[in-house]
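**Student:** This is the structure I have questions about; it appears just below.
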């Protein structure tokens with residue numbers, strides 16, 4: 001027990017101290033959505049991304065930059081003199097790079113894992129100096145962030161180069177498709193007017209004109225039929241001139257009727273008024289005749305227009321039917337060109353997006369538990385604990401030794417007792433060729449027995 005106590009105290013005094021610093025880093029595997037990118041990642045994919053980031057934290061790129069930044073290849077804790085001096089006896093070709101030794105030492109002093117229920121990385125760093133542990137932890141976090149940013153930028157750069165190399169071929173394909181469409185239109189006399197074929201546009205326009213002309217013809221036929229039915233009160237005969245003349249006729253008619261009662265039918269004033277009244281009747285009749293003649297002329301004209309439009313519509317329809325095969329082929333070429341153009345525009349947009357992503361850092365990394373210097377070491381334990389553990393260990397080992405020794409003594413005693421029985425039999429029966437001689441006692445465990453055999457054990 002005392003020995004264990006002393007050994008525990010000596011172990012505590014001799015062992016190098018370890019000061020462990022723990023940091024927690026929150027990572028969003030989706031990254032910062034600065035630019036719109038499709039994100040259909042499922043949970044398993046996100047976890048794989050986090051595991052990849054964890055491997056990046058342990059990568060040689062990060063560790064070597066930390067070693068270079070903190071000059072750990074000249075630190076005795078990471079490159080012990082005993083190890084580096086082993087390679088100074090031979091030639092320079094057999095010398096080990098101190099950076100490799102420091103890299104191996106740093107790997108042993110860093111542990112990182114992912115929390116099972118979150119996207120948090122837990123990193124622990126231990127050294128013999130608490131401030132050094134904090135510096136290494138901070139350098140690891142900064143270099144880890146730089147490595148993730150460089151990886152994202154490199155991936156965006158590779159994507160941009162790949163898209164740009166493909167854009168040239170897509171552009172040539174789009175230009176070829178458009179040139180093929182123009183040549184086909186030229187060979188088949190398919191002209192475009194305001195974004196559509198002239199034949200289609202002409203048929204549409206002619207059909208619309210024909211519809212309007214038929215409606216106008218119907219209206220004129222109805223109006224001329226009303227004019228031909230007679231009567232000045234017909235609505236078809238109403239015009240500004242007729243209305244004015246009829247108003248004058250009504251006033252003059254009223255004046256004539258009044259003067260007949262006053263002066264009589266032979267009065268000169270009444271005769272002049274009747275002459276004016278007849279003149280107005282003639283003017284109204286002439287105006288009605290003029291309206292009928294104008295309506296008839298317009299009706300004849302619109303009939304001619306309708307006939308001409310019908311003929312033009314039939315001709316255009318026949319031409320359109322003859323161009324159907326060419327238009328089917330043209331639509332097919334147009335669809336192919338549109339598809340190629342859509343792919344080209346999509347690649348162009350993605351190339352521009354990837355080019356912009358090279359200039360930004362989409363890594364979403366936040367330190368939620370910054371590294372701080374530990375208050376006390378975590379290894380070796382305190383002297384009191386080491387002494388207590390050594391005492392308990394010494395007590396247990398001592399008990400085991402005593403117990404083992406006791407068991408061995410008991411086993412040896414039983415074997416000696418069986419040897420006594422064997423020798424008494426020998427004394428009574430005498431020696432034989434098959435029985436070992438008593439002289440062999442000194443060469444076995446029987447040498448520990450007394451020379452005289454107790455009589456209590458002799459056979460009766």
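**Student:** Is one or more of the residues making up the stretch 57-66 modelled with pLDDT of 90 or more and within 23 Å of the chain's Cα centre (by Cα)?
**Tutor:** Yes, that holds for at least one residue.
**Student:** Can you report the number of residues in the stretch 115-136 which are outside any strand (DSSP E or B) and touching a helix residue (DSSP H, G or I) at 6+ places or on another chain (Cβ under 7 Å)? Even if it seems obvious, please write down each step before you answer.
**Tutor:** Taking the stretch 115-136 as the starting set, the residues that turn out to be outside any strand (DSSP E or B) are 115-119, 128-136.
Imposing the further condition that a residue be touching a helix residue (DSSP H, G or I) at 6+ places or on another chain (Cβ under 7 Å) reduces the set to 119, 135-136.
The number of residues fulfilling the criteria is 3.
**Student:** If a residue has to be more than 20 Å from residue 314 (Cα to Cα) and either modelled with pLDDT of 60 or more or surrounded by 15 or more Cβ atoms within 10 Å (Cβ to Cβ) (or both) to count, how many in the stretch 186-225 make the cut?
**Tutor:** Residues that pass the stated criteria total 12.
**Student:** If I filter the stretch 306-313 for residues that are farther than 18 Å from residue 213 by Cα and loosely packed, with under 14 Cβ neighbours inside 10 Å, do I get at least one hit?
**Tutor:** no
**Student:** Scanning the stretch 233-262 for residues that are buried (at least 16 other Cβ atoms within 10 Å of the Cβ) and under 22 Å from residue 219 (Cα atoms), which turns out modelled with the lowest pLDDT?
**Tutor:** Top of the filtered list is 236.
The values are calculated or read from the model by the stated rules, or taken from the named source; none is laboratory data. This one's a predicted model, so the numbers in the text were calculated from it and none came from an experiment. Don't worry about glycine lacking a Cβ; one is built from the backbone with ideal geometry, like all the others, and counts go over all protein chains shown.
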